[in-house]
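One structure is given below, encoded as structure tokens.
The values are calculated or read from the model by the stated rules, or taken from the named source; none is laboratory data. Being a predicted model, the structure only gives us computed values, none of them experimental. All Cβ positions, even for glycine, are placed from backbone atoms using ideal geometry, and neighbour counts span all protein chains on display. Accessible surface is based on the protein model in full, side chains and every heavy atom, while ligands, DNA and RNA are left aside. Shrake-Rupley method; radii C 1.70, N 1.55, O 1.52, S 1.80 Å.
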Amino acid sequence: MLELKNIKKSYKTGDFIQHALKGINLKFRKNEFVAVLGPSGSGKTTLLNIIGGLDRYDDGNLIINQKSTKYFKDRDWDSYRNNCIGFIFQSYNLINHMDILSNVEMGMTLSGISAKKRKQKAILVLKKVGLKEHMHKRPNQLSGGQMQRVAIARALANDPDIILADEPTGALDSKTSMQIMDLIKEIAKDKLVIMVTHNSDLANTYANRVIEMKDGEIISDSNPLKEKEEKDVYQIRKTRMNFFTALHLSLNNIRTKKGRTLLTAFASSIGIIGIALILSLANGFDEQIDLFEKNTLSALPITISKQSMNLDEDIMARQEETSINDSYPNIDYVIPIKNIEEKDVHNNVLTKDYVNYLDKINKDDVMGINYIYPMGLNILQKVDGKVKQIPTTNLNITTYPHSLEGKKSVIEERFDILAGRMPTSKEEVILEVDSKNQVSKNLLEVLGFTTDNNINFNDILNSQITLVLNKDYYQRLGNYYVPKQDLDSLYKNKDNLILNVVGIVRLKDDYPSMTEPGIYYSNDLQNYLIKMNKESDIVKAQKDADYNVMSGEKFDLTTKEGKDLKENILGYLGDDIEPSMIEIHPKDFSSKEKIVKYLDEYNEDKNEDDKIFYVDQAKLMSSLSNNIMDAITFVLVAFSSISLIVSCIMIGIIMYISVLERTKEIGILRSLGARKKDITRVFNAEIFIIGLTSGLIGIFITWLLLFPINSILFELTELENVAVMNPLHAIILITVSVILTLIGGWIPAKIASKKDPVIALRTE
Ligand code: ADP
Ligand code: MG
């Protein structure tokens with residue numbers, strides 16, 4: 001069964017070679033209590049360690065079940081230790097950060113026995129050694145004798161065939177020693193117990209075989225085994241520890257040094273915090289820029305003017321002629337380029353047909369379409385009790401985008417209504433103020449105000465504008481038409497339109513302002529004025545004339561210029577001509593694309609001349625570049641990465657210290673049959689916990705920091721919630737933290753697993 005054949009073992013320290021065992025030959029019975037006696041340094045412990053598979057012999061052979069161990073692999077030794085051998089040490093060798101129960105369970109834990117079974121068995125053996133009540137205590141809460149009983153219980157727990165005890169009573173008083181000896185004697189009833197001692201009394205009293213050693217040799221054996229006395233079979237089961245056991249073990253260990261673990265995790269989380277903050281900020285700025293661009297871009301209408309020019313193509317064509325490739329060249333000459341020519345300008349003929357086409361646009365994409373006619377308004381206003389004709393040139397008095405049925409109007413969407421309401425009839429208008437509630441004095445004069453003082457909303461809402469139709473406003477004078485002079489009677493004319501200001505609006509703060517504040521009237525009023533004015537005498541006269549009926553200026557109708565001039569005057573007077581401009585307000589960023597597509601479709605089967613070109617204002621507006629933001633982010637992330645590397649190294653150092661601290665534990669685990677791999681796992685599990693904690697702390701602290709950061713940014717920029725943590729980034733950073741700490745702890749974990757269990761056990 002267990003046989004040592006000429007076992008030799010020597011230790012080399014420097015040039016000195018210590019022959020600890022000089023050719024030991026021994027055979028053991030399956031069931032006996034063997035005491036090994038001998039003076040200190042005679043090689044007893046070495047012998048026991050070799051029998052227990054904790055140490056390797058140099059020469060000879062150890063035979064277990066007629067099987068040579070010469071070709072045993074590490075794994076085989078681990079399994080052998082785990083389920084054939086139970087060690088009992090002089091210094092008990094319990095794991096201090098685990099309770100008694102876990103200590104006893106450890107061997108079974110390593111062999112992968114289920115938790116329930118483990119507990120049952122552990123309680124059973126603890127009962128046997130009389131310590132069941134103490135099972136939830138820690139080793140340092142027990143007396144020496146009690147600790148040794150725990151060690152015995154642990155040795156018994158996995159039902160080994162062989163118990164190896166190295167001076168189990170060496171540290172105990174004689175009374176306790178005898179109790180322990182009784183217990184071992186009891187065990188020896190059905191096991192092979194090999195006990196090392198230098199107390200010959202104890203050996204002779206309890207053991208049924210005494211072997212004496214001296215200088216690495218057997219000098220006597222009281223009851224040697226005869227040839228072929230017995231043949232027995234030991235069963236060696238494989239051990240395996242799963243990752244969760246390792247995790248559990250590490251958690252226990254970490255619990256005993258919470259402060260240090262938290263501090264380590266916190267220190268190594270600083271890099272994560274740095275990167276998380278930077279990413280959050282970059283992320284937030286990107287979102288803000290996106291939002292801003294979307295608002296801006298969708299708020300800018302697509303405009304179709306009577307004349308358009310494809311600037312992009314033109315600029316490209318002109319640049320191609322240049323011999324200089326770079327912008328901002330360092331040259332001392334000027335380069336002439338081609339002119340923008342008449343043919344580069346396209347005339348959009350905004351026919352009724354086209355207006356009809358626009359009316360059929362998908363209503364879901366459009367917020368409103370504004371048809372702007374070049375018609376002039378004849379406005380009279382009573383200023384300081386005197387009726388005055390108010391000039392409207394350079395004032396923004398125009399139609400508001402005509403809303404599509406059942407739709408919120410552009411005004412309601414993009415403006416705050418500060419007072420009053422939206423107009424509901426053609427006689428109602430609204431006043432727009434700028435972001436500071438300012439309105440130019442010229443525009444206020446239209447409403448009858450000439451004061452320098454602030455004007456109450458209520459006063460504005462009570463103001464009126466008198467609009468005179470062309471038929472009443474102009475009178476004929478020979479071949480010409482001139483405005484009537486008697487403003488008082490004009491003012492009282494029955495066909496005048498009295499417009500009421502019913503609302504005061506202001507552009508919402510996230511929409512870009514494109515025009516001067518102004519007065520807005522409805523398309524209905526515009527249509528009514530055109531309907532009335534196109535029938536007026538002055539328009540009819542102008543249609544037939546080849547000169548300006550108001551100024552007498554002659555038009556050369558053979559040229560395009562002359563025709564255009566006449567058109568303009570007719571438009572001004574309110575003839576039913578084409579709109580001078582059409583503004584299409586997209587509902588949002590994506591609907592703009594669809595509108596553009598719809599407008600392109602109109603042109604598909606048209607001649608070049610009949611095509612209608614639009615200007616996508618949004619496209620012309622230079623988009624804000626994220627490049628600078630990206631570059632800054634990159635640099636900052638690079639810096640924070642350095643701190644991550646530093647924390648990685650720090651984790652390595654801390655883990656190395658932990659390995660040194662836990663050397664004894666490593667030895668114990670190995671003596672219980674833990675594989676090298678299991679030791680690596682224990683440390684990796686610990687590193688994993690630290691890495692995870694550090695990642696979580698990092699993300700949590702970042703999350704906390706985002707509150708003050710956002711409020712500071714709000715103070716500075718008025719942008720709300722700029723810094724936003726992307727959950728994906730958070731997950732990635734936690735993963736990075738775990739991976740980096742694993743890398744940092746990799747070498748210490750390897751060192752731990754490589755530790756010689758014998759030396760590890762000798763460490764205090
Ligand atoms: P015992 O247990 O009988 O007191 P040991 O088996 O511990 O003796 O040691 C036997 C001899 O081997 C001693 O001289 C000791 O110094 C030496 N020895 C044991 N282990 C080592 C080691 N790891 N390195 C060097 N010498 C050792
Ligand atoms: Mg010894």
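Pairwise Cα distances in the stretch 2-238 exceed 28 Å for 30 percent of all pairs. Note on Lys755: accessible area approximately 50 square angstrom, rounded to 10, probe 1.4 Å, nucleic acids and ligands left out.
Partners of Lys70 within straight-line reach, counting aspartates and glutamates whose Cα lies under 14 Å from its Cα and excluding those fewer than 8 residues away in the same chain: Glu3, Asp55, Asp58, Asp59. Among the listed pairs Lys677/Lys750; Lys30/Lys226; Lys540/Lys560, those whose Cα-Cα separation exceeds 18 Å are Lys540/Lys560. For Lys382, the residues whose amide H sits under 5 Å from its own are Lys388, ignoring neighbours fewer than 5 places away on the same chain, with H placed 1.01 Å from N.
As an exercise, use a Förster radius of 41 Å and the Cβ-Cβ distance of Ser40 and Lys132 to find the FRET efficiency, rounded to the nearest 0.05. Here the calculated transfer efficiency is 0.65. Across the chain, Cα pairs under 8 Å and at least six residues apart give a relative contact order of 18 percent. Of all DSSP bridge pairs formed entirely within the chain, close to 70 percent run antiparallel.
Ligands, DNA and RNA left out, the 1.4 Å accessible surface of the chain is 53% carbon and sulfur atoms. Length available on full extension from Leu262 to Ile731: 0.36 nm per residue minus the Cα-Cα distance, which gives 166.8 nm.
From the alpha carbon centroid of the stretch 359-434 to that of the stretch 511-590 is 16 Å. Treating each Cα of the chain as one equal point scatterer and applying the Debye formula with no solvent, the log10 of I(q)/I(0) at q = 0.05, 0.07, 0.11 Å⁻¹ comes out as -0.56, -0.70, -1.18. Label sites at Tyr333 and Asp201, each approximated as a point 7 angstrom past Cα along Cα to Cβ, lie 11.8 nm apart.
With contacts defined as alpha carbon pairs under 8 Å and 6 or more residues apart, what's the relative contact order of the stretch 2-238 in percent?
Working: 463 pairs, mean separation 74.9, N = 237.
Result for the stretch 2-238 is 32 percent.
In the stretch 2-238, what percentage of the DSSP-assigned beta bridges are antiparallel, given to the nearest 5? Taking every DSSP beta bridge within the stretch 2-238, about 50 percent pair in antiparallel fashion. For Val615, the solvent-accessible surface with a 1.4 Å probe is about 40 Å², rounded to the nearest 10.
Entry for the stretch 593-746 at q = 0.09 Å⁻¹: log10 I(q)/I(0) = -0.57, Debye formula applied to identical alpha-carbon scatterers, no solvent contribution.
If Glu718, Glu428 are ordered by their accessible area, calculated over protein heavy atoms with a 1.4 Å probe, which sequence runs from highest to lowest? Show your work: numbers first, answer last.
On the way: Glu718 150, Glu428 25 Å².
The most accessible residue leads, giving Glu718, Glu428.
Residues whose amide H comes within less than 5 Å of that of Lys27, counting only those at least five positions distant or on another chain, are Leu4, Leu225 (H built at 1.01 Å from N in the peptide plane).
Model label sites at Leu704 and Asp576, defined 7 Å from Cα along the beta-carbon direction, differ in position by 7.5 nm. FRET efficiency for the Thr424 to Asp459 pair, using the beta carbon distance and R₀ = 25 Å, is estimated at 0.70. Amide H contacts of Arg209: Phe33, Ala35, each under 5 Å away and 5 or more positions distant or on a separate chain (H built 1.01 Å from N in the peptide plane; Pro and chain starts excluded).
Placing a pseudo-label 7 Å from each Cα along the Cα-to-Cβ vector at Thr763 and Glu516 gives an inter-label distance of 8.6 nm.
In the complete set of protein chains, residue-level accessible area for Glu413 is approximately 60 Å², probe 1.4 angstrom. The alpha-carbon of Lys116 sits under 20 angstrom from the alpha-carbons of these aspartates and glutamates, leaving out residues fewer than 8 places away in its chain: Asp99, Glu105, Glu133, Asp159. Computed from Cα atoms, the angle from the helix 523-534 axis to the main principal axis of the chain rounds to 20 degrees.
Once the Cβ-Cβ distance of Asp359 and Ile739 is raised to the sixth power relative to R0 = 56 Å, the FRET efficiency obtained is 0.35.
Specify the angular offset, from 0 to 90 degrees and rounded to the nearest 10, of the alpha carbon long axis of helix 174-187 from the longest principal axis of the alpha carbons in the chain. The two axes meet at around 90 degrees.
The listed residues Cys648, Cys84 rank as Cys648, Cys84 when sorted by accessible area, largest first, using a 1.4 Å probe. Computed from Cα atoms, the angle from the helix 74-84 axis to the main principal axis of the chain rounds to 60 degrees.
Stretching the chain fully between Ser143 and Asn208 yields a gain of 20.5 nm (0.36 nm per residue, less the alpha carbon separation). For the chain, adding -39500 (n - 2.57) for each run of n ≥ 4 DSSP H residues and dividing by the number of residues yields -14500 deg cm²/dmol at 222 nm. Computed with a 1.4 Å probe over protein heavy atoms only, the accessible surface of the stretch 2-238 comes to 45 Å² per residue. Listed cross-link partners Lys27/Lys175; Lys128/Lys258; Lys5/Lys132; Lys338/Lys563; Lys441/Lys566; Lys128/Lys664 are compared with a 30 Å cut-off, the Cα-Cα value being larger for Lys27/Lys175; Lys128/Lys258; Lys5/Lys132; Lys441/Lys566.
What the phi angles of the stretch 683-697 give under the Karplus curve with 6.51, -1.76 and 1.60, with θ = phi - 60°, is a coupling list of 6, 4, 5, 5, 5, 4, 5, 4, x, 5, 4, 5, x, 5, 4 Hz, glycine and proline written as x. How much length, in nm to one decimal, is gained on full extension between Asp495 and Phe634, taken as 0.36 nm per residue of separation minus their Cα-Cα distance? Computed gain between Asp495 and Phe634 is 43.1 nm.
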